[in-house]
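Below is one structure; the comments refer to it alone.
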Amino acid sequence: MASRIEIAPDAEKQYEIVAGQPEEKEMGGAKHSGIGVRLAANLWLHVRDNKLGGVYGPDATFRIGGNERLPDIAFVAASRIPEDGEPVGPWPIPPDLAVEIVSPNDLYEKVISKVIEYLAAGVQQVWLISPENRIISIYTSPTQVTILQEDDEIDGGDVVPGFRCRVSELFQGPVR
């Protein structure tokens, strides 16, 4: 279990706890946020309408092994949510789905290490979204990845049954 580490407050930054040390989580800006909001909105409407569980944003902390991670979007199946509801602090369990939106300053090695860490902890799917390349990589194991392009559709599979969303919809940007 990760211990609580005091970090000097900086409203502009978020931190994950990795190997017991604070590690700044890169923030992606408006495009990154827009993609996250569009996916979270679509995901939440489906999850709510089908009573599948909970959808969480980038403030939700999950204990992954000895680390505390903040996926951009996470889904926890209803069957795994405690009877007393969502925790006030970090989730003591990994999510069923973790979504990471690649920020401009993210290092490839760190992003892939996080994907492997999620999968090793029991996350069933990791969706890695690349705004720059306009693709989504869906990992179900470190060696099984499906790459979706704008003409494709995300399918929640067994993790989020019935969920479907056009990839292009996530990258469309503001509506005018």
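A few comments on the model shown:
- What separates the Cα centres of the range 36-94 and the range 130-176 is a distance of 18 Å.
- The modelled label-to-label distance for the pair R38/R80, using points 7 Å beyond Cα in the direction of Cβ, is 2.7 nm.
- Signed unit charges on C-beta, dipole axis of the range 60-176, positive-most listed residue Y118, S79, S168: Y118
- Take each peptide in 151-160, 78-87, 53-62, count the other Cβ atoms within 10 Å of every residue, and average; sorted highest first, the result is 53-62, 151-160, 78-87.
- Cα centre as origin, Lys/Arg/Asp/Glu Cβ charges: the range 34-170 dipole, Debye: 120
- A protection proxy built from the mean count of other Cβ atoms within 10 Å ranks the segments 43-51, 140-148, most packed first, as 43-51, 140-148.
- The spread of Cα positions in the range 34-176, taken along each principal axis and listed from longest to shortest, comes to 41, 36, 27 Å.
- Close amide H pairs (under 5 Å, H built 1.01 Å from N) link D96 with F75, V76, A77, residues at least 5 positions away or on another chain.
Each reported figure results from applying straightforward, stated rules to the coordinates on display, with no laboratory input. What you see is a predicted model; the values in this text were computed from it and never measured. Here Cβ is always computed from backbone atoms with ideal geometry, including for glycine, and neighbour counts include all displayed protein chains.
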